[in-house]
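Heads up: the structure comes next, in structure tokens.
The values are calculated or read from the model by the stated rules, or taken from the named source; none is laboratory data. Everything quoted here is computed from the prediction, not taken from an experiment. Cβ sites come from the backbone with ideal geometry, for glycine too, and all protein chains shown count toward neighbours. Only protein heavy atoms, including side chains, enter the accessible area calculation; ligands, DNA and RNA are left aside. Shrake-Rupley method; radii C 1.70, N 1.55, O 1.52, S 1.80 Å.
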Amino acid sequence: MRTRIRSGDRAAFADLYDRHARAVYNHALRLTGNWSDAEEAMSETFLAAWRTRESVEPEGGSLRPWLLGIATNKAHNANRGVRRRLAFLARGTEPRQVEDFADETAGRIDDARRLAVVHDALCRLRRQDREVIALCVAAGLDYRQAAEALGIPVGTVRSRLSRARARLARISSAPPRGRGRKAEPPGVRGEMESEAAFAALFLREETR
């Protein structure tokens, strides 16, 4: 597979896409917290993979770490783009009123809320730690593969993962934010409890 990819074999590249597109998309979704950004990051990942195919080492195992490493950078770029767009909009005028599509989008609310909880928990980690835990826990890479994906030593992967797990452990054991206030915004407590449950799930998965 590596030899065929390096040589520009389109059939091999199509097979590579079929094997790993879902994993690349899921990884980008965890890091961006947005479906459309994840789709764009996935497309850019495979475009970049095609353009840089000659950089693939002739010998080695699965190419998934290579693809996830590219996807990590694309997701980071997407997040930076979102921050720039939000800053621009904040300087603009008030948004115009649009038609209420509540009936059409009601089915997506729960999924969007769960995704927001996942993304919020991960965003409470440092970027480097977030990337390592997304690769090692959610994407299932081992230390060596994560190191290959990120271009860092295996020991660095271990230390970042340990730091991320410690942070998530604190999230999972902490009381919901806002406790003790007289007026707690609707839904905050439940969302924070969900976030804690998500953090705990990451800890359980990592220790299997």
Checklist entry - Once you list every other residue whose beta carbon is under 14 Å from the beta carbon of residue 43, what net charge do they have if Lys and Arg are +1 and Asp and Glu are -1? => result -1
Checklist entry - Going from most exposed to least, what order do 76, 27 have by accessible area with a 1.4 Å probe? => result 76, 27
Checklist entry - Residue separation times 0.36 nm, minus the C-alpha to C-alpha distance between residue 124 and residue 73: what's the value? => result 16.5 nm
